[in-house]
Amino acid sequence: MEKAKQTIHFMNVTRLTRVFVKSFLFVLCAFPRSSQAQGTFQNLNFELAAPISVGGGEPTFVVTTASALPYWTVYYGSVQQTQISYNDAVLGGEPWLTLSATGYPGVPEEVIDGRFTPFLQGGEVNGVSTAVSITQTGQIPFGTQSLLFDSAGNPFQMAVLIGNQEVSLVPVGGGPDYTIYGGNISAWAGQTEQLTFSASLGNWAIDDITFSTQAVPEPNTVELVLTAATMLGLQRWRKASQS
């Protein structure tokens, strides 16, 4: 009987812990995304695409990078790419970038928002790990606190860099098939810098990049809160089991 009471108490504490964690995540998910000045950066939602085919047939084409991703430069490793795939599947282990578009039933890659979403996949070339990156240089707006973007893919296989420095990312919201990530870039506000999104391995989609005047929690803050919630639950359970 006593053991049953302890079990029920532990379940109640666990339930409270889950509610606490869910409440914290709800606060993160309510992170505001307002349309603010984007400095001199262009095409941050990838909706300026006007793909020009240089091969293939509907719905899959090879297109010029300049027409599919205006203002962005694409690299496989350190090699700039003048052509990318359009509406093609990102498969296998080779470096690959495709721009997916709405209006093509059966296209294997989903568009996150709007009409277009780029998919990056890092891979290997002759046994050498090769990242796939898109970059753009511009002025980060004055007053910027954070960088936000929609993402679908493995967060441990992606990187965002300002210049040569990687930005620490934390999830701040999302939808049914994507996550909104945010990173503190206040140190670069008002400066002209190179912004890079890079996939070292796996399939990574990005969309709706935004410079925001809102601050985001530091990654260790999220980890500490979740750990504290778990420890609180265990501590209460231990006290109950000893009484």
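Quick notes on this structure:
- Once region 128-186 is narrowed to residues that are of a type in the set (Phe, Trp, Tyr) and assigned to a strand (DSSP E or B), the residue that is surrounded by the most Cβ atoms within 10 Å (Cβ to Cβ) is Tyr181.
- Glu94 part of a loop (DSSP other than H, G, I, E, B), of a type in the set (Asp, Glu) and touching a residue at least 24 places away in the same chain (Cβ under 8 Å): yes
- Region 158-172 residues that are over 11 Å from Ala199 (Cα atoms), paired with ones that are part of a strand (DSSP E or B) and acidic (Asp, Glu) (beta carbon under 7 Å, 6 or more apart): Ile162/Glu193; Gly163/Glu193
- Filtered residue count, region 97-126, keeping only those that are buried (at least 22 other Cβ atoms within 10 Å of the Cβ) and closer than 19 Å to Glu58 by Cα: 8
- Single residue of Tyr75, Tyr86 found to be over 14 Å from Trp204 (Cα atoms) and touching a Phe, Trp or Tyr at 6+ places or on another chain (Cβ under 7 Å): Tyr86
- Tabulated pairs, region 139-156, first touching a residue at least 12 places away in the same chain (Cβ under 8 Å) and in the same structural domain as Val167 (by TED's automatic domain parsing), second buried (at least 22 other Cβ atoms within 10 Å of the Cβ) and part of a loop (DSSP other than H, G, I, E, B), C-beta under 7 angstrom, 6+ apart or interchain: Ile140/Ile185; Thr144/Ile185; Ser146/Ile185; Ser146/Val216; Leu147/Ile185; Asp150/Ile112; Ala152/Ile112
- The set of residues in region 104-137 being out of contact with any Leu (no Cβ under 6 Å at 6 or more places or on another chain) and β-branched (Val, Ile, Thr) consists of Val107, Val111, Ile112, Thr117, Val125, Val128, Thr130, Ile134, Thr135, Thr137.
- Among the residues of region 65-84, those that are closer than 15 Å to Phe116 by Cα, free of Cβ contacts under 8 Å to residues at least 40 places away in the same chain and not in a helix (DSSP H, G or I) comprise Pro70, Ile84.
The values are calculated or read from the model by the stated rules, or taken from the named source; none is laboratory data. These numbers come from a predicted model, not from an experiment. Positions of Cβ are backbone-derived with ideal geometry, glycine not excepted, and every protein chain shown enters the neighbour counts.
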